[in-house]
Amino acid sequence: MNKISNPIAIGLKTNILISFGVLFVVMMFLMPLIYLYGVPFTKIDGMHKKRYAEYLKNLNVISDLKKDKLSLWFEERRNNAAVLSESRLIINHVNEINQVFQLLAGSGINENLIRVKLMQRVNFNEMYDYLNTFKRKFALYENIHIVDVQSGKIIVSTDINNVGNNVSEEDYFKAAMQTPFLESIAFRHDANSNKVNLIITYLLNYETSDIKTHKAALIMQINTNDMLEPILETDYGLGKTAEVLLVDRQTRIITPLKNLLNAIPLEYKLTDKPSQLAAEGKEGILISTDYNGKEVIAAFRHLRITPAVSYGMIVKVDKEEIFTPLKAMILYVAIFFVCGMLVTLIITYLISASIARPISLLSKTAAAIEKGNLNARAQKTHIKEINILTAAFNNMLDRIEADQKDLETKVIEEMDKRRKHEQILIQQSKLASMGEMIASIAHQWRQPLNVVSILMLDIKDAYEFGELDSQYLNNFLQKARLQLEYMSKTIDDFRNFCKPSKAKMVFNVKDTVKEALSIIIYQLENHNITVNINVFTYEGNDSHFIVLGYPNEFKQVLINIINNAKDAILHKKELLLSSNETYEGAIDVNIYNKQGRIFIEVSDNGGGIDLNIMDKIFDPYFTTKLEENGTGIGLYMTKVIIEDNMNGRIWAENAKNGAMMKIELNAVYT
């Protein structure tokens, strides 16, 4: 038995201390950096990058939600204006009211008297009531006017005091008159209330797209508080410095600035990059400097309201605020790793001093055994617990060495026994089928022998009646030869079946099934049993049924299965003799390829298999037949041939009227 020299305990202990010391010192500096910035050139990202990516994703999602909400709000207001402008009441009355208004205004009376005159008219009151009903239904509308396009004067309004007022000099009205579209949208800043209102102008009484043909326009003044409040809201986890801005095409602010309160909406222009890109119709996210001079992360979106009107939206937050939580994390992580390093070094020193040497000895012994030296043994040390482990280790090695030698001997013996046993079983299985095969040959020979006998009698009669000439003799020889060739082929098929397959070869399952059936078909026909072979090919391609295996053994498998089906059918016929039921035996063989696997299903109508014995039918020497009729090795050898020799699978199940045997094999060509 080889002896392993004792290692120097102090050297190993020092090595452990130095290794762990350097490791944890490096970890103390690297772990916070890795935690914060990740590992370069790898997929390991630090909290800095993760936080940034997470925030960008959150910022994009929130920006898209705000854009969608704002777009939906604009769409609803436009739909309201379209519905109101297409109202039959307004279309029917607006021309008449406009004409009356022009007559009253041309008569020289003052605006108050004009209002009184108009309110005395039924159609004016109907329009006035209709507009106010619409205003009350949608509380966000401050005023709704109908304006004469030529003069710019209000002819109907939800506020009667506005009737007669002239809006022709208002920027939104001028823009509406210049646009080629029926609809115009603009924001208007009220200097008195410091509010921004949305003005929607919609031309009425239109018959063509030419603005000159329009006589009146619908003007809807909308309070934007219900729009701006949810848009400006930043309580989505964006942070304290988050801000949402809305700008027009000239990058003038529409919403008030959070950190520049004296900036006047629709006058103050933003010059930062995100605002310019949003106003130009672009969308994205970038790092930039805002109007306050701070570095921010800004997501910019473009809102196309009409073909002529669009706005930009910017959602931004200070970059510094995003990474503020990481600063506290870095401190906590550093403290944690420093404390962990100190504790680990102390524990490592204590443990290494006591177990380094014996563990090193055991490790070397294990390494020697791993290399194949089963004679190596661990040495005893001064530690009692380690000595117990050493003794158990050495005893285990002794047992393993003895068991290995004994196991090798037993494995060789068992393998020889199994080979001999399987050879005997295969031979027994073939011998068990031999009698039936000979009976089948005798049955197949009966008809050709009868034909030859008749030919012999016929040639005698031909001689006696003088009909025997060369032509008659040639016909006789040809007919006799056909019968003899048929008998010879029967013998060849039987001989090929009995010949063992020495090596695996590729063969066609479909053809082999038909060859196996030809050997026993006359026995089946003799018992009035019908056999149907159904081959499901893909576009008539037989290459889907090529397998690698032993064709003769596979024939034996099929003959065993079909004979079992035949016996089941005959047994059922015996049971039905006493009754008047009509029963015809049938065996169906289905062959198909499914995803590169070939399936052969052999089913009968013989009544099926008792579920209590279903899991035993493939056991050796198990049979349900009488002792003189069955050996119990047919299905066992069938399973051995399919699963062990051909790497397939076979199982049984009950079908509708009987049993079904399923064989699954690997296709060589799929």
Pairs, please: C-beta under 6 Å, at least 6 apart or cross-chain, first residue more than 25 Å from Phe101 (Cα to Cα) and in the stretch 137-151, second modelled with pLDDT under 90 and open to solvent by 20 Å² or more (accessible area, probe 1.4 Å)?
Leu140/Asn223; Leu140/Asp226
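Each row is one residue, and each column tells you yes or no for (1) part of a helix (DSSP H, G or I); (2) modelled with pLDDT under 90; (3) more than 15 Å from Gln221 (Cβ to Cβ).
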| position | (1), (2), (3) |
| --- | --- |
| Phe124 | yes, no, yes |
| Tyr128 | yes, no, yes |
| Leu131 | yes, no, no |
| Phe134 | yes, no, no |
| Val147 | no, no, no |
| Ser151 | no, yes, yes |
| Ile155 | no, no, yes |
| Asn161 | yes, no, no |
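Of Leu104, Leu59, Leu118, which residue is surrounded by 13 or more Cβ atoms within 10 Å (Cβ to Cβ) and under 60 Å from the mean Cα position of the chain (by Cα)? Working first, answer last.
Working: Leu104 fails: under 60 Å from the mean Cα position of the chain (by Cα); Leu118 fails: under 60 Å from the mean Cα position of the chain (by Cα).
Exactly one of Leu104, Leu59, Leu118 is surrounded by 13 or more Cβ atoms within 10 Å (Cβ to Cβ) and under 60 Å from the mean Cα position of the chain (by Cα), namely Leu59.
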What pairs can you find where one residue is in the stretch 444-472 and of a type in the set (Val, Ile, Thr) and open to solvent by less than 100 Å² (accessible area, probe 1.4 Å), the other is modelled with pLDDT of 70 or more and not in a helix (DSSP H, G or I), and their Cβ atoms are less than 7 Å apart, with a gap of 6+ or different chains?
Ile459/Leu468
Can you find, within the stretch 280-324, the residue that is surrounded by the fewest Cβ atoms within 10 Å (Cβ to Cβ) among those that are aromatic (Phe, Trp, Tyr) and not in a strand (DSSP E or B)?
Phe323
Would you check if Glu207 is open to solvent by 60 Å² or more (accessible area, probe 1.4 Å) and modelled with pLDDT of 75 or more?
no
Is it the case that some residue within the stretch 132-143 is open to solvent by 80 Å² or more (accessible area, probe 1.4 Å) and among the basic types (Lys, Arg)?
yes
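Looking for something touching a helix residue (DSSP H, G or I) at 6+ places or on another chain (Cβ under 6 Å) and open to solvent by less than 30 Å² (accessible area, probe 1.4 Å) - is there at least one such residue anywhere in the stretch 62-69?
Keep residues of the stretch 62-69 that are touching a helix residue (DSSP H, G or I) at 6+ places or on another chain (Cβ under 6 Å), which gives 66.
Filter again for open to solvent by less than 30 Å² (accessible area, probe 1.4 Å), leaving 66.
Yes, the stretch 62-69 contains a residue that is touching a helix residue (DSSP H, G or I) at 6+ places or on another chain (Cβ under 6 Å) and open to solvent by less than 30 Å² (accessible area, probe 1.4 Å).
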Could we say that Ser87 is of a type in the set (S, T, N, Q), open to solvent by less than 50 Å² (accessible area, probe 1.4 Å) and closer than 26 Å to Ser184 by Cβ here?
yes
Val547 passes all but one of the listed conditions (1) open to solvent by 60 Å² or more (accessible area, probe 1.4 Å); (2) in contact with a Leu (Cβ under 6 Å, 6 or more places away or on another chain); the exception is number (1)
Considering only residues that are surrounded by 13 or more Cβ atoms within 10 Å (Cβ to Cβ) and among the aliphatic types (A, V, I, L, M), look in the stretch 34-56 and name the one that is nearest to the chain's Cα centre (by Cα).
Leu56
I'd like the full set of residues that are open to solvent by 10 Å² or more (accessible area, probe 1.4 Å), at pLDDT 90 or above and within 19 Å of Ala81 (Cβ to Cβ), limited to the stretch 218-259.
Gln221
Expected single match for closer than 26 Å to Thr255 by Cα and not in a loop (DSSP other than H, G, I, E, B) among Ala186, Ala105 is Ala186
Only one of (1) within 23 Å of Met646 (Cβ to Cβ); (2) modelled with pLDDT of 80 or more does not apply to Asn496, and that is (2)
Being open to solvent by 30 Å² or more (accessible area, probe 1.4 Å), outside any loop (DSSP other than H, G, I, E, B) and at pLDDT 85 or above is true for just one of Asp588, Asp610. Which residue is that?
Asp588
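The values are calculated or read from the model by the stated rules, or taken from the named source; none is laboratory data. Just so it is clear, the model here is predicted, and its values are computed rather than measured. FYI the Cβ positions are ideal-geometry reconstructions off the backbone, even for glycines, and counts take in every protein chain you see. Side chains included, ligands, DNA and RNA excluded: accessible areas come from the protein's heavy atoms. Shrake-Rupley method; radii C 1.70, N 1.55, O 1.52, S 1.80 Å.
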